[in-house]
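K.L.:
One structure coming up, written as structure tokens, with questions to follow.
The values are calculated or read from the model by the stated rules, or taken from the named source; none is laboratory data. Small disclaimer: the values here were computed from a predicted structure and weren't measured. A quick note on method: Cβ atoms are made from the backbone with ideal geometry, for glycine too, and the neighbour counts reach across all protein chains shown. Keep in mind that these areas ignore ligands, DNA and RNA; they rest on the heavy atoms of the full protein, side chains included. Shrake-Rupley method; radii C 1.70, N 1.55, O 1.52, S 1.80 Å.
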Amino acid sequence: QVQLVESGGGLVQSGGSLRLSCAASGSIFSINAMGWYRQAPGKERELVARFTSGGSTNYADSVKGRFTISRDNAKNTMYLQMNSLNPEDTAVYYCNVPKRNLATVWYPEVWGQGTLVTVSS
């Protein structure tokens, strides 16, 4: 089982920047697809950015040009650099690893505990 721990959330003013981290541990082998999601109060969880299994990246239209997803395989850590933040970015941000099929055995989807990002106007 993979364990995911997010960090880096906090309070930032509109127009500011923040960098989130997601540290992975446990059964971290063969992880390709991995991404960031967020959930604002009263709204459903939505995709922010992710690495696909093919190695490309996907971004929500609302964050394109402002957010950048990256990862450091040596540190088993994924990052989300968030620039030009606005109050609409306020949410709990979650790290996610989709379920994996390894040697015909399915490993379950994993979510981190979340880190709160609050953007003040």
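K.L.:
Does residue 111 count as aromatic (Phe, Trp, Tyr) and more than 10 Å from the chain's Cα centre (by Cα)?
P.N.:
no
K.L.:
Is there a residue being at positive phi, part of a strand (DSSP E or B) and either in contact with a Gly (Cβ under 9 Å, 6 or more places away or on another chain) or at pLDDT below 95 (or both) anywhere in segment 2-23?
P.N.:
no
K.L.:
Has segment 50-65 got at least one residue that is loosely packed, with under 12 Cβ neighbours inside 10 Å, touching a Ser or Thr at 6+ places or on another chain (Cβ under 9 Å) and closer than 17 Å to residue 85 by Cβ?
P.N.:
Yes, segment 50-65 has at least one match.
K.L.:
Within segment 29-49, how many residues turn out to be part of a loop (DSSP other than H, G, I, E, B) and either open to solvent by less than 50 Å² (accessible area, probe 1.4 Å) or among the hydroxyl-bearing types (Ser, Thr, Tyr) (or both)?
P.N.:
4
K.L.:
Could you list, in sequence order, all residues of segment 35-56 that are over 22 Å from residue 102 (Cα atoms) and either without any contact (Cβ under 8 Å) to a residue 24 or more places away in the chain or of a type outside the set (Phe, Trp, Tyr) (or both)?
P.N.:
Hits for segment 35-56 are 38, 39, 40, 41, 42, 43, 44, 45, 46, 47, 48, 49.
K.L.:
For the structure I just gave you, tell me whether residue 92 is in contact (Cβ under 8 Å) with a residue 40 or more places away in the chain, assigned to a strand (DSSP E or B), farther than 23 Å from residue 2 by Cβ and not hydroxyl-bearing (Ser, Thr, Tyr).
P.N.:
So residue 92 does not fit the description; no.
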